[in-house]
1. Taking the convex hull of the Cα atoms, report for the chain its projected area averaged over all directions, in nm².
2. On a 1.4 Å probe surface of the protein chains, which of ARG446, ARG288 comes out largest in accessible area, and what is the full order?
3. Computed FRET efficiency, Cβ-Cβ of SER228 and ARG132, R0 35 Å: what is it to the nearest 0.05?
4. Show the residues, 5+ positions off or on another chain, whose built amide H is closer than 5 Å to the amide H of THR461.
5. To the nearest 0.05, what FRET efficiency results for PHE45 and ARG248 with a Förster distance of 35 Å applied to their C-beta separation?
6. Applying 1/(1 + (r/R0)^6) with R0 = 60 Å to the Cβ-Cβ distance of VAL24 and GLU199, what FRET efficiency is obtained, to the nearest 0.05?
7. For every helix of n ≥ 4 consecutive DSSP H residues, a contribution of -39,500 (n - 2.57) applies; sum these over the chain, divide by its total residues, and give [θ] at 222 nm rounded to the nearest 500 deg cm²/dmol.
8. Using only the alpha-carbon atoms, how far is helix 351-364 inclined from the longest principal axis of the chain? Give it as 0 to 90 degrees, nearest 10.
Amino acid sequence: MLHFLWDSITLQTFLISLFVFLLVADYMKNRNPRNFPPTPFRLPFLGHIYLMDFKDPAVMVRKLSKRYGDIFGIHMGSMKFVMVNGMRLVREVLINQGDKFMERPDFPIDEQVFSKIGLVSSSGHLWKAQRRFTLSTLRNFGLGKRSLEERIQEECQFLGDVFRDEQGNPFNPQLKVTNAVANVICSLIFGNRFDYHDEDFQSLLKLMYEMTVLHGSITSQLYNNFPSIMKYLPGAHHTIIKNWRLLRKFMQEQINKHKEDWNPSESRDYIDSYLLEISKDHDSDTFREEHLMACTLDLMFAGIETTSSTLRWALLFMAIHPEIQARVQAEIDAVIGQARPPALEDRNNLHYTNAVIHEVQRKGNVVPFNVPRMASEDAYVDGYFIPKGTGIMANLSSLMFDKNEWKTPEHFNPEHFLKDGKFWKNEYFIPFSLGKRSCLGELLARSELFLFFTSLLQKFTFQAPPDTKLSLQPMIGIAMAPKPYKICAVPR
Ligand code: HEM
Ligand SMILES: *[C@@H]1O[C@H](CO)[C@@H](O)[C@H](O)[C@H]1NC(C)=O
């Protein structure tokens, strides 16, 4: 009896000491360095997961910034992040000290896919080389030149046709718009567009969309926080990993086709140009097929959902504000008329329309907290110490909704971008971020937004379906998109 009691006490003591040991280890490991930005109370083992609102992450951080001000720390799993708000600090981390915050953190969920290669998550020399190559290649295939503009105009025509097929009845524009935007990127990458009725391609787009939504899901957030446990549990993270495999397979087929009929003296598209670079780059590790794969999928991921969500916000705002829509149409009719398609040149003469597109991007706010960066060396921001390896998030919406800069920050109001009836750009408008690592596709995105938007409004009036109230509720994923909705495109 006594023997048994003794045994159980030692077991208990052992368990308690183990627990205390783990608690201390957890504390030591996650302890903030001296002078780190103010950080909310952190639960042992669980960190800040209790602060997350999985329906609307913006809510959790809204509470935090109210309490902690323009710069504060937050723990996600084993990684520390610093969030900065407001023009002064956002410029400080993206521009003035931009070189110290030029890297990206690794999220466990994305590590399953590529870590540290491609365009979005690479760093240092590798990132510089991939980015420079991609920018110059996009330029060669006509970014800012005529040929790409024509390609987009052609796609506008196709998109108009499938909208017309709906005969003014309510429909969800999501897949069609996404297909159109994807076609522009696909023709740059591998010289192909896909018909809107191509079921294989549509299912690929659905996979991509599913992934962006799943990224906001509870289980994939938990995975980012506790990868070693979640690996063994069911949930969305497995779907994300499975979908990546399918997307890679699709891209591998495109790459293989290009390798078969490759002609080094004549590059047709991005893949051809990259293959040429690989053939020139025998000795170094910079241009390799695995990196080509990562770059192409990065372009699709970064370029499709962001642009498509913005266009879906645009249609929604037009249906909700018929008087604004009518003014856009009147301007298009006066400047372009109905006889020819809109061209990029027209932008300089379409002041109101241009202001509306900017306001759609401001209010749509599709990348509210920027894509996370990481400190590549120790740094000081606003007197606080930010050690190497800390994640940095720049709250882009803190500029685009700044109460002191915009007349009605919470309301859709094209006057934000007009002065004396002329288009006027506000420096607090930063949907593509700032500095050397800002959006690589900005020029392409702005061309697409302008041409798709004006050509749709040239042809259609967008209206809520009868007896329906359209909602501006956002949906959280990689990009902040409007919730799926149905709309009527009434031919003009
Ligand atoms: C409305 C559409 C778009 C928005 C709002 C948007 C926004 C952004 C933002 C905020 C970033 C993060 C920049 C930073 O870290 O400071 C980014 C990065 C990036 N975007 Fe876009 N983007 C859009 C369209 C596109 C398109 C069409 C492409 C494809 C050509 C593209 C390709 C990229 C790439 C490759 C990066 C990573 C750049 C790097 O890490 O060097 N984006 N974008
Ligand atoms: C980001 O900025 C918006 C607009 O000012 C604000 O409501 C929100 O609380 C900020 N979020 C964070 C994380 O600081």
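The values are calculated or read from the model by the stated rules, or taken from the named source; none is laboratory data. Fair warning: this is a prediction, and the values are worked out from it, not measured in the lab. Here the Cβ is made from the backbone with ideal geometry for all residues, glycine too, and neighbour counts use every protein chain on show. Heads up: the accessible areas ignore ligands, DNA and RNA and are worked out on the full protein's heavy atoms, side chains in. Shrake-Rupley method; radii C 1.70, N 1.55, O 1.52, S 1.80 Å.
1. Hull-based average projected area comes out at 29.2 nm².
2. ARG288, ARG446
3. Between SER228 and ARG132 the formula returns 0.40.
4. The answer is VAL490, ARG492.
5. Computed FRET efficiency for PHE45 and ARG248 comes out at 0.50.
6. Rounded to the nearest 0.05, the efficiency is 0.60.
7. Helix contribution divided over all residues of the chain: -16500 deg cm²/dmol.
8. On a 0 to 90 degree scale, this one is about 20.
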